[in-house]
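Written below as structure tokens is the structure these notes are about.
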Amino acid sequence: MAFQCQRECYMKEFTTSVVSCCAAELKQEINGKKQTLKGFNVKLQDTILFPEGGGQPDDHGLIGDVPVLRVTRQGPDAVHFVSSPLEEGQEVLVKVDWERRFDHMQQHTGQHLITALAITMFGYETTSWEMGRQRSNIELDTPTLKPAQIQSLEDAVNEKIRAHKPVTVQLLPLDDPSVEKVRSRGLPEDIAGPIRVIDIEGVDTNMCCGTHVANLSDLQVIKLLGSEKGKKGKTNLIFLTGNRVLKYAEKSHSTERSLVSLLKTGADDHVEAVEKLQKSVKLLHKSHLTLLRDMALLIVQNFKSNPQRGNFFSLHKKEGDNDFMNIIANEMDTEETLVFLTVGEEKGPGLFVLAGPSDLVTKMGPRVLEMLQGKGAGKNGRFQGKANSLARRGELEALLQQQCKQTTEEETQEHP
């Protein structure tokens, strides 16, 4: 069956009734963390909330005053996941999140238009597409897409938008002979019929379950941002449609104003200004490395010239890096001396190096990881990695020093 959202894509409110409501769970990922929400799956007599499908995300909205968190399709039914139960048989007002819906309509019709003209102009078939939250991409069956082709395609799709081409929907029976002539990447196995066909006048006819604009003029504009290498032999074409282009322009303008303030130049000179800054940074980095090396060598020299030195050396430097620590470790006589070096914030994250006699480093390496909450590995008398917290550095230093003392005493007893 076709849902009300597919028959009337521009409808924002709809009154219907609850067919069923049962307890359910929704697994989702929020900020990289997987969560399981407890709630209810609700089926309605009909719905204006589109269930995910055809490359288009689901709609959000309200059933009464209950937020709809997910809509999926199960055979002929749309299943709405909500946090609160609804009474079976009750009449409800369904409202769609129109900003989200209209964005999906623009991106989806935009994809149809780009796909149709990519075939007509270059013979490149669309093998898949993805509607992202900020930008979308179409996977084209070609290993490369030249800049001139992208520009020609952008000009062509925007010409169709300016021509106000109507977009119409047909519902055809599964056994209709004309179905075989309609472009499609295949039908789902559980399709219940009828077949829904989207027609862009004079441009394209394609099977699709998604929601679409009624006229290409509602797309406003399409911007092709470029292409990226896709799967083997494929190219991903990145695009924005409609309101996303306006938001992109607003964000770009805001960034440009910030750069004008930071770089003290007009927008046309930003690239040149950044290139000069990059060269300056490279020179400063080179000078910084030279100073660090000189400092590291001086630290080692001072240690070696100290007649009271023992067999343990420890140093923490906030501004150091791996190069600084490795220079010290390389210049030290680590066959006789255990060297413990750290860089970074005193109680925050940082880097570490433990170098010295192989047996001692192998023994103490795991303890260093434990106390610094770090990750690392080692071989041939050197153990190094990242520390999540240097808060226990002092305690660890004392432990390593005690271990050196104990090792020395044991060796003295073995070889008096």
message: Which of Arg133, Arg293, Arg70, Arg309 has the fewest other C-beta atoms within 10 Å, and how do the rest follow up to the most?
response: Arg133, Arg309, Arg293, Arg70
- request: Can you bin the range 211-307 into rounded, prolate or oblate? Criterion: square roots of the alpha carbon gyration tensor eigenvalues sorted a ≥ b ≥ c, rounded for a/c under 1.5, prolate for a/b above b/c, oblate for the rest.
  value: prolate
- line: By the mean-Cβ-within-10 Å protection proxy, highest first, 277-289, 91-103 rank as 91-103, 277-289
query: Which whole-Hz ³J(HN,Hα) couplings does the range 214-226 yield from phi under the Karplus relation 6.51 cos²θ - 1.76 cosθ + 1.60, θ = phi - 60°, glycine and proline marked x?
result: 8, 8, 4, 4, 6, 6, 6, 6, 10, 10, 8, 7, x
query: How far, in degrees from 0 to 90, does helix 322-331 lean away from the longest principal axis of the Cα atoms of the chain, to the nearest 10?
result: 30
statement: Over the Cα atoms of the chain the radius of gyration and the largest Cα-Cα distance (Dmax), both in Å, equal 32.4, 100
query: What is the set of long-range amide H partners of Phe50 at a cut-off below 5 Å, with H atoms built 1.01 Å from backbone N?
result: Asp59
query: Among Leu240, Leu399, Leu44, whose mean-square fluctuation peaks in a Gaussian network model of the chain (Cα, cutoff 10 Å)?
result: Leu399
- request: Just add up the charged neighbours of Lys165: K/R +1, D/E -1, any other residue whose Cβ is under 15 Å from the Cβ of Lys165.
  value: -3
query: Using alpha carbons only, how many degrees (0 to 90, rounded to 10) separate the axis of helix 358-372 from the longest principal axis of the chain?
result: 50
task: Post the alpha-carbon centroid distance, the range 199-227 to the range 354-416, in whole angstrom.
output: 64
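Where both partners of a DSSP beta bridge lie in the chain, what percent of those bridges are antiparallel, to the nearest 5? Provide the component values of the computation, followed by the final result.
On the way: 80 of 87 bridges.
Counting only bridges with both partners in the chain, antiparallel ones make up about 90 percent.
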field: Along each principal axis, Cα extent of the range 40-158, largest first, Å
entry: 58, 26, 19
message: If you average the alpha carbon positions of the range 268-306 and of the range 324-340, how far apart do those two centres end up, in angstrom?
response: 22
message: Can you order the peptides 36-42, 212-218 by their average number of other Cβ atoms within 10 Å per residue, highest first?
response: 212-218, 36-42
- request: Convert each backbone phi in the range 156-169 into a coupling constant with the Karplus relation 6.51 cos²θ - 1.76 cosθ + 1.60 (shift: θ = phi - 60°), then list the ³J(HN,Hα) values in order as whole Hz, x for Gly and Pro.
  value: 5, 5, 6, 5, 5, 5, 5, 7, 6, 5, x, 10, 10, 10
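No value in this document is a laboratory result; all are computed from the given coordinates. Everything numeric in this text was worked out from a predicted model, so none of it was measured. So basically every Cβ, Gly included, is an ideal-geometry build from the backbone, and we count neighbours across all protein chains shown.
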